[in-house]
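Notes follow once the structure below has been shown.
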Amino acid sequence: MLSPESLSLALVAAALGLSLPAQSTTYGLGRAPKPGEIEMWDIAISPDGKELPRGSGTAIEGGKVYAANCAACHGKTGTEGPNDVLVGGQGSLNTKKPVKTIGSYWPYATTVWDYINRSMPYNKPGSLRADEVYAVTAHLLFLNGIIRKNELMNAKTLPQVKMPNRNGFIADPRPDWNIGGSSRR
Ligand code: HEC
């Protein structure tokens with residue numbers, strides 16, 4: 001016997017042309033991912049760089065990686081496009097024509113590594129080895145005047161790179177956005 005509440009719910013559902021779903025714990029779609037499959041996607045690098053993998057590179061090797069994989073879209077020197085400008089613009093953010101690049105805007109070198117690792121080259125994301133990502137990141141930091149050409153970037157040194165705009169971000173004061181205290185750092 002249906003209770004008055006479930007009867008009226010059933011009537012509403014019928015009036016809307018819906019069928020009430022059978023009670024089940026899953027939706028009967030897909031399957032649980034295997035551990036290896038989660039690992040494949042679990043590649044995010046946080047600002048402190050603690051997840052950075054083994055490997056290393058300098059701007060010396062990075063120049064070659066850049067020329068072969070990046071220059072076609074970002075320009076030979078990183079300043080001329082056709083796609084996003086990656087070099088220069090320091091000191092331009094509070095002018096009428098801000099130029100946002102890795103050097104002028106990005107607060108962490110670690111998240112530059114992460115971005116390149118997961119999404120560049122745009123037409124072949126995920127194709128670079130960790131050494132190549134370290135090297136090309138070093139090359140871009142070098143072109144932006146942030147590190148020296150022979151400075152070795154790896155899981156230890158990259159998080160120590162001080163980006164010019166590191167303190168240019170203002171913490172969101174709303175308490176409900178202060179999850180994990182991340183904006184208090
Ligand atoms: C086929 C063209 C293409 C190639 C090749 C390419 N990129 Fe990009 N890149 C783009 C585009 C388009 C964007 C903007 C993507 C967006 O905004 O979603 C971008 C964005 C970026 C950004 C972020 C810029 C910013 O400040 O927001 C970085 C860093 C970057 N690319 C680095 C690289 C590196 C390093 C390589 C070589 C390993 C590379 N790209 C190869 C097209 C390309």
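Taken together, the values in this text are just the output of simple stated rules run on the coordinates, not laboratory data. This is a predicted model, so every value here is computed, not measured. Note: ideal-geometry Cβ built from the backbone for every residue, glycine included; neighbour counts use all protein chains shown.
What's the whole-number percent of alpha carbon pairs in the stretch 76-159 lying beyond 15 angstrom?
Of all Cα-Cα distances in the stretch 76-159, 59 percent exceed 15 Å.
What is the Rg over Rh value, at two decimals, for the stretch 49-114, using alpha-carbon atoms and the Kirkwood definition of Rh?
Answer for the stretch 49-114: 1.02.
Please report, in debye to the nearest 20, how large the charge dipole of the stretch 50-185 is about its Cα centre when each Lys and Arg carries +1 at its beta carbon and each Asp and Glu carries -1 there.
Value, rounded to 20: 240 debye.
Evaluate the stretch 37-185: find the radius of gyration of its Cα atoms, find its Kirkwood radius, and give the ratio Rg to Rh.
Expressed as Rg/Rh, it is 0.98.
Kindly identify the stretch 127-170 as rounded, prolate or oblate by the Cα gyration tensor criterion: order the square roots of the eigenvalues as a ≥ b ≥ c, call it rounded if a/c is under 1.5, otherwise compare a/b with b/c, prolate if a/b is larger, else oblate.
prolate
Enumerate by residue number the GluC sites (Glu not before Pro) in the stretch 37-83 meeting two conditions: DSSP loop (anything except H, G, I, E, B), and at most 15 other Cβ atoms within 10 Å of the site's Cβ.
51, 80
Hey, can you grab everything whose amide H is under 5 Å from the amide H of residue 153? Only 5+ residues off in sequence or another chain; H modelled, so Pro and N-termini drop out.
57, 58
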